[in-house]
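A.B. asks: Can you keep this structure in mind? I'll have questions shortly.
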2 protein chains.
Amino acid sequence: MATDDLSALTAAQAAASIGDGFVSAEELVAACLDRIAAIEEAVGAFAHLDAENALAQARACDEWRRSGRPTGPLHGVPVAVKDLIDTADYPTECGSPFLSGRRPRTDATVVSRLRAAGAVIIGKAVTTEFAYYHPGKTRNPRDLERTPGGSSSGSAAAVAAGMVPVAIGTQTNGSIIRPASFCGVFAMKPSHGLVSRAGVLPLSRTLDHVGPFARSIEDLALMLDAMAGYDAQDPDTRPVAARNFRQVAAEEFGLPPRFAFVKTPVWEKADAGARDAFEQLAQELGDDCFAYDLPERYAEAWDAQRAIMATEMAHNLGKLTDQGGDRISSRFRAVIAEGRNVGATQYLAAVALARALRDSLVELFQQECTAIITPAAPGAAPRGLDATGDPAFNTLWTLLGLPAITLPLLADDDGLPIGVQLVGAPGDDARLLRTARALVERLSGAE
Amino acid sequence: MATDDLSALTAAQAAASIGDGFVSAEELVAACLDRIAAIEEAVGAFAHLDAENALAQARACDEWRRSGRPTGPLHGVPVAVKDLIDTADYPTECGSPFLSGRRPRTDATVVSRLRAAGAVIIGKAVTTEFAYYHPGKTRNPRDLERTPGGSSSGSAAAVAAGMVPVAIGTQTNGSIIRPASFCGVFAMKPSHGLVSRAGVLPLSRTLDHVGPFARSIEDLALMLDAMAGYDAQDPDTRPVAARNFRQVAAEEFGLPPRFAFVKTPVWEKADAGARDAFEQLAQELGDDCFAYDLPERYAEAWDAQRAIMATEMAHNLGKLTDQGGDRISSRFRAVIAEGRNVGATQYLAAVALARALRDSLVELFQQECTAIITPAAPGAAPRGLDATGDPAFNTLWTLLGLPAITLPLLADDDGLPIGVQLVGAPGDDARLLRTARALVERLSGAE
């Protein structure tokens with residue numbers, strides 16, 4: 001295969017090709033490195049890239065396979081890892097000059113799990129400063145004058161630009177779903193507690209999630225199979241048997257999935273084009289889609305998320321921020337100061353509200369819909385590189401810890417992508433993946 | 001058997017006698033009611049007592065047994081339940097005139113579990129107001145001019161006075177171990193999350209525990225077997241297999257248990273008599289006991305417990321306190337006001353400190369000792385009924401969620417009891433019970 005063809009493969013296709021011996025891991029990784037070399041200067045997706053290290057990992061994969069030993073489902077597949085997530089063989093600077101040169105001694109649990117599945121860690125993808133709003137160098141590959149979104153800017157851009165088939169990022173508010181929407185790729189924020197955060201810079205135990213970026217639903221499932229699982233180092237993970245996400249995602253529904261179209265209390269933040277596109281989409285789904293108005297109490301969710309996020313960030317990163325002084329952005333220092341002013345009962349009320357809102361949605365999923373359908377972002381990626389866009393359409397689902405997927409199914413008049421966000425029942429990530437696949441097939445006319 | 005003999009039986013003896021047909025549940029409960037009738041006016045252990053209801057439960061137990069159906073390990077055994085714990089057939093007023101006449105519709109989970117084991121709920125034992133410091137009517141059966149301790153005042157007094165063989169109470173700071181020490185009975189605060197708090201008035205999710213009072217270690221284990229277990233309504237319980245506490249408690253040690261004598265940073269709060277008694281006890285244990293100084297950081301635990309307790313009480317009971325106005329004691333209103341002034345990051349730092357202190361003790365239990373030995377209270381019960389004594393020797397172990405047992409093994413010069421507190425490794429309640437049994441046998445000269 002030509003280099004361009006190789007770097008365009010999905011992870012599932014690449015793993016199959018390597019497994020069948022049509023291509024080596026080294027060839028695949030070399031093809032991705034070529035693609036990166038050609039466009040990285042324009043896109044700026046990587047904080048740290050070490051071609052020799054990546055090729056060495058790939059050669060070790062090939063040697064392992066030639067020895068006849070069993071290989072994992074991601075054997076030889078290159079993955080970009082958000083620079084907020086620890087890696088033993090690359091620096092992890094969390095987008096902050098204050099952490100310049102920081103080198104963790106060990107991999108984050110999720111990185112270890114990816115390596116155990118055979119993945120090649122090709123490099124560290126750009127994050128905004130500490131996964132908050134201060135942007136990094138990354139540009140949107142769909143239009144270099146626009147933001148890729150954040151905070152997982154590099155992960156979304158690298159997958160969108162064909163540099164890697166898959167990447168991982170984190171979301172505390174809208175940091176996976178929003179950049180994926182802006183860059184036009186698939187991405188998933190799994191249920192809270194499904195993927196370990198051990199070794200990931202902690203912003204907020206209540207809100208932090210780790211999830212995959214990809215160019216297909218199948219790849220999201222393949223990644224989640226490798227990433228998900230109990231970890232004693234993350235007290236929010238649970239020692240329960242993992243689903244086979246890839247298999248469940250591929251299964252057919254007995255009855256077609258039914259969608260609740262939820263505008264949310266921030267609907268007026270969506271631009272006119274996005275609002276029209278979603279109204280049309282809901283119409284197109286006909287009887288399989290119904291409008292659902294969230295009870296009034298849900299309007300409190302945005303303030304609650306803000307109180308929890310600011311408080312827990314101040315708890316986790318306050319000391320570091322004080323030490324960093326003016327090497328920390330003023331916007332970041334402001335949220336730490338904000339968190340320090342939250343009262344403890346206000347914080348506990350916000351946590352209790354999140355639990356109550358999540359519990360009150362369970363019935364909707366049990367009785368009325370397979371998934372919620374709602375915008376992934378207020379519209380296409382905004383122009384400019386000084387800001388990363390508005391996470392308002394992600395806040396509620398992050399606060400509730402529900403699984404969410406964005407699908408690059410819509411576009412604005414300029415052809416820029418707008419993501420369709422599907423939100424599933426708590427803990428039912430497998431069925432959400434299956435629902436997403438069914439929706440993509442339906443809208444692309446496949447059966 | 002004579003009535004006096006019946007009311008003096010332990011729960012294990014009583015259950016065995018009923019099981020063997022030597023005595024009926026009705027006779028046992030009637031004997032306890034007689035004993036209550038004789039001394040309740042002096043002691044004031046009960047907030048609600050309904051002799052007819054108790055006898056009806058007992059007769060139903062007898063009928064059930066006569067029908068040949070299988071019986072539970074507490075079949076026919078009367079239990080007193082702290083009036084902070086919901087019961088469907090008695091009022092639950094939580095020691096507050098503001099909740100006068102409150103009647104829950106359902107039993108707390110722990111009450112359901114006791115009933116399922118065959119127990120007769122004989123009545124509701126006095127609690128201080130909302131399990132905080134404002135005392136109820138209960139007097140110490142060992143000396144009626146002294147406090148029984150609190151907040152589980154009635155539970156401790158009822159068991160000490162021979163009114164019931166067993167009772168249950170709750171502890172958020174020192175509310176099980178301290179009154180048991182003052183009244184001279186056995187009691188246990190199990191590991192955090194072992195016994196469900198669903199249906200118990202919530203003060204503090206982080207600190208609330210439910211535990212048994214009894215007149216033997218065997219009865220504590222018997223009660224814990226019935227009380228412990230996963231409950232989806234209490235998010236801190238875990239779906240793991242329960243131990244057979246009674247069986248494990250009865251097993252012999254291969255090597256004799258080894259005790260770490262921990263004075264804690266509040267040692268100077270103990271009175272001279274208690275300090276002497278503990279120094280002597282440590283000497284008596286010889287090579288099986290060594291002095292252990294907690295690292296300096298443990299001194300912060302008392303402030304941390306205070307911040308967590310006040311905050312979570314304000315979160316859970318703030319609204320009720322506002323509604324109650326002057327029907328709520330000023331001392332209670334003061335802690336709610338205090339909780340409302342705690343900052344969210346101060347609260348999270350306290351929670352993080354608790355976790356760190358608990359984790360840093362694990363090695364001590366794994367490598368050096370079977371249990372910590374330390375005072376259950378600063379000394380014997382203080383004179384007077386206006387206050388319930390100082391929980392300072394309980395605060396640390398409650399904050400850390402470790403299992404703790406008090407044993408009525410020491411006495412002051414007036415013969416008033418002083419409890420010996422044993423503290424075990426997190427989650428190892430079974431071994432702690434076994435250690436307690438071994439210590440009691442050793443000090444009583446049994447082999």
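A.B. asks: In chain A, carbon and sulfur make up what percent of the accessible area (probe 1.4 Å)? Display every interim value, and only then the final one.
C.D. replies: Numbers: 7950 of 16840 Å².
Reported share for carbon and sulfur atoms: 47 percent.
A.B. asks: So how much slack lies between B:E52 and B:D143, counting 0.36 nm per residue of separation and subtracting their Cα-Cα distance, in nm?
C.D. replies: Details: separation 91, 0.36 × 91 = 32.76 nm, distance 3.02 nm.
Difference between extended and current length: 29.7 nm.
A.B. asks: Using every pair of alpha-carbon atoms in chain A, split the distances into 10 Å bins beginning at 0 and state the percent of pairs per bin, rounded to integers.
C.D. replies: Percent of pairs per bin, in order: 5, 23, 34, 26, 10, 2, 0.
A.B. asks: What whole-number distance in Å separates the alpha-carbon centres of the range B:351-385 and the range A:135-167?
C.D. replies: That distance is 52 Å.
A.B. asks: Could you report the accessible area of B:V210 in Å², rounded to 10, computed with a 1.4 Å probe on the protein chains as they sit in the structure?
C.D. replies: Accessible area, nearest 10 Å²: 0 Å².
A.B. asks: Shifting gears a bit: Which value in Å does the Kirkwood hydrodynamic radius of the range B:12-136 take, with 1/r averaged over all unlike C-alpha pairs and then inverted?
C.D. replies: On the way: mean 1/r = 0.0666 Å⁻¹.
Result for the range B:12-136, one decimal place: 15.0 Å.
A.B. asks: Nearest to the axis that maps chain A onto chain B: list the chain A residue whose Cβ wins, with the distance in whole angstrom.
C.D. replies: A:A344, 2
A.B. asks: Moving to a separate point now. For B:A387 paired with B:A42, estimate the spin-label separation in nm (one decimal), with each label point 7 Å from Cα along the Cα-to-Cβ line.
C.D. replies: Distance between label points: 2.7 nm.
A.B. asks: Using only protein heavy atoms and a 1.4 Å probe, report how much of B:M313 is accessible, in Å² to the nearest 10.
C.D. replies: 0 Å²
A.B. asks: Further question: At 1.4 Å probe size, with every protein chain present, just tell me what the per residue accessible area of the range A:162-300 comes to in Å².
C.D. replies: 38 Å²
A.B. asks: On the full set of protein chains, 1.4 Å probe, figure out the accessible area of A:H134 and give it in Å² to the nearest 10.
C.D. replies: Looks like 90 Å² after rounding.
A.B. asks: Right, next: State, to one decimal in nm, how far the label point of A:E368 lies from the label point of A:S444, with both points 7 Å from Cα in the Cβ direction.
C.D. replies: Distance between label points: 3.1 nm.
A.B. asks: What residues from the range A:382-412 fall in the zone where the backbone N is under 20 Å from a label point 7 Å along the Cα-to-C-beta line of A:D236?
C.D. replies: A:391-406
A.B. asks: Now for a separate question. Normalised by the number of residues in the range B:98-246, what is the relative contact order in percent for Cα pairs under 8 Å and 6+ residues apart?
C.D. replies: Values: 293 pairs, mean separation 30.4, N = 149.
Here the relative contact order equals 20 percent.
A.B. asks: For A:E63, A:E129, B:E441, write out the residues from largest to smallest accessible area, computed with a 1.4 angstrom probe and no ligands counted.
C.D. replies: On the way: A:E63 120, A:E129 5, B:E441 50 Å².
Accessible-area ranking of A:E63, A:E129, B:E441, largest first: A:E63, B:E441, A:E129.
A.B. asks: Right, another one. Report, as an integer, the average count of C-beta atoms from other chains found within 10 Å of each Cβ along B:348-355. Let's see the in-between values first.
C.D. replies: Numbers: counts 10, 2, 1, 1, 3, 0, 0, 1.
Partner Cβ neighbours, averaged per residue: 2.
A.B. asks: Running a GNM on chain B with Cα contacts under 10 Å, which residue among B:A15, B:A291, B:A198 ends up with the highest mean-square fluctuation?
C.D. replies: B:A291
A.B. asks: Just to make sure I understand: if all protein chains stay in place, what is the order of A:K189, A:K137 by accessible area at 1.4 Å, largest first? Before the final figure, lay out the partial values.
C.D. replies: Working: A:K189 0, A:K137 120 Å².
Per-residue accessible area, sorted high to low, gives A:K137, A:K189.
A.B. asks: If each DSSP helix of 4+ residues adds -39,500 (n - 2.57) and the sum is divided by the residues in the protein assembly as shown, what number results at 222 nm, nearest 500 deg cm²/dmol?
C.D. replies: Values: 30 runs with 364 residues, N = 894.
So the calculated ellipticity at 222 nm is -12500 deg cm²/dmol.
A.B. asks: Suppose accessible area is computed on protein heavy atoms with a 1.4 Å probe; arrange A:E268, B:E279 from highest to lowest.
C.D. replies: Working: A:E268 130, B:E279 80 Å².
Accessible-area ranking of A:E268, B:E279, largest first: A:E268, B:E279.
A.B. asks: What helices does chain A have that are whole DSSP H segments, at least 24 Å long along their own axis by Cα, and with mean Kyte-Doolittle hydropathy of -1.0 or more?
C.D. replies: Values: long enough: A:25-43 (26 Å, 0.86); A:301-324 (32 Å, -0.45); A:344-363 (31 Å, 0.60).
Span-like helices in chain A: A:25-43, A:301-324, A:344-363.
A.B. asks: Also: How much length, in nm to one decimal, is gained on full extension between A:E338 and A:R105, taken as 0.36 nm per residue of separation minus their Cα-Cα distance? Kindly include the intermediate steps, with their values, before the conclusion.
C.D. replies: Working: separation 233, 0.36 × 233 = 83.88 nm, distance 3.24 nm.
Net length gain for the segment: 80.6 nm.
A.B. asks: Quickly work out the A:A291-to-A:E251 label distance, labels modelled 7 Å from Cα along the C-beta direction, and quote it in nm with one decimal.
C.D. replies: Label at A:E251, label at A:A291, 3.5 nm between them.
A.B. asks: How high is the relative contact order of chain B, in percent, with contacts defined as C-alpha pairs under 8 Å that are six or more residues apart?
C.D. replies: Values: 1046 pairs, mean separation 75.4, N = 447.
Relative CO of chain B lands at 17 percent.
A.B. asks: Taking the Cα of A:W267, stepping 7 Å toward and past its beta carbon, and measuring to each backbone N in the range A:359-375: which are under 18 Å?
C.D. replies: A:372-375
A.B. asks: Among B:P375, B:P265, B:P212, whose mean-square fluctuation peaks in a Gaussian network model of chain B (Cα, cutoff 10 Å)?
C.D. replies: Evaluated over chain B, the most mobile residue of the options is B:P265.
A.B. asks: Now for a different question. So what does the Cα-only Debye profile of the range B:3-249 read at q = 0.11, 0.12 Å⁻¹, as log10 I(q)/I(0), no solvent term?
C.D. replies: Log10 I(q)/I(0), no solvent term: -0.49, -0.59.
A.B. asks: Please report the equivalent ellipsoid semi-axes of the range B:247-336, computed as sqrt(5 x eigenvalue) of the Cα gyration tensor, largest first, in whole Å. Walk me through the numbers on the way to the answer.
C.D. replies: Details: eigenvalues 318, 68, 40 Å².
For the range B:247-336, the semi-axes come out at 40, 18, 14 Å.
A.B. asks: Whole angstrom only: what separates the Cα centroid of the range A:37-84 from the Cα centroid of the range A:90-127?
C.D. replies: 13 Å
A.B. asks: Using the structure shown, list the pairs from B:K124/B:K189; A:K82/A:K137; B:K189/B:K263; A:K189/A:K263; A:K82/A:K189; B:K137/B:K189 with a Cα-Cα distance above 21 Å, or answer none. Write out the running numbers ahead of the final one.
C.D. replies: On the way: B:K124/B:K189 19 Å; A:K82/A:K137 14 Å; B:K189/B:K263 19 Å; A:K189/A:K263 19 Å; A:K82/A:K189 14 Å; B:K137/B:K189 24 Å.
Violating the 21 Å Cα-Cα cut-off are B:K137/B:K189.
A.B. asks: To continue, here is another question. Go ahead and set up a Gaussian network model of chain A, Cα springs under 10 Å, then flag whichever of A:Q305, A:Q57, A:Q346 fluctuates most.
C.D. replies: Greatest mean-square fluctuation among the candidates belongs to A:Q346.
The values are calculated or read from the model by the stated rules, or taken from the named source; none is laboratory data. Being a predicted model, the structure only gives us computed values, none of them experimental. Using ideal geometry, Cβ is built from the backbone for each residue, glycine included, and neighbour counts are taken over all protein chains shown. To get the accessible areas, we keep the full protein, side chains included, count just its heavy atoms, and leave off ligands, DNA and RNA. Shrake-Rupley method; radii C 1.70, N 1.55, O 1.52, S 1.80 Å.
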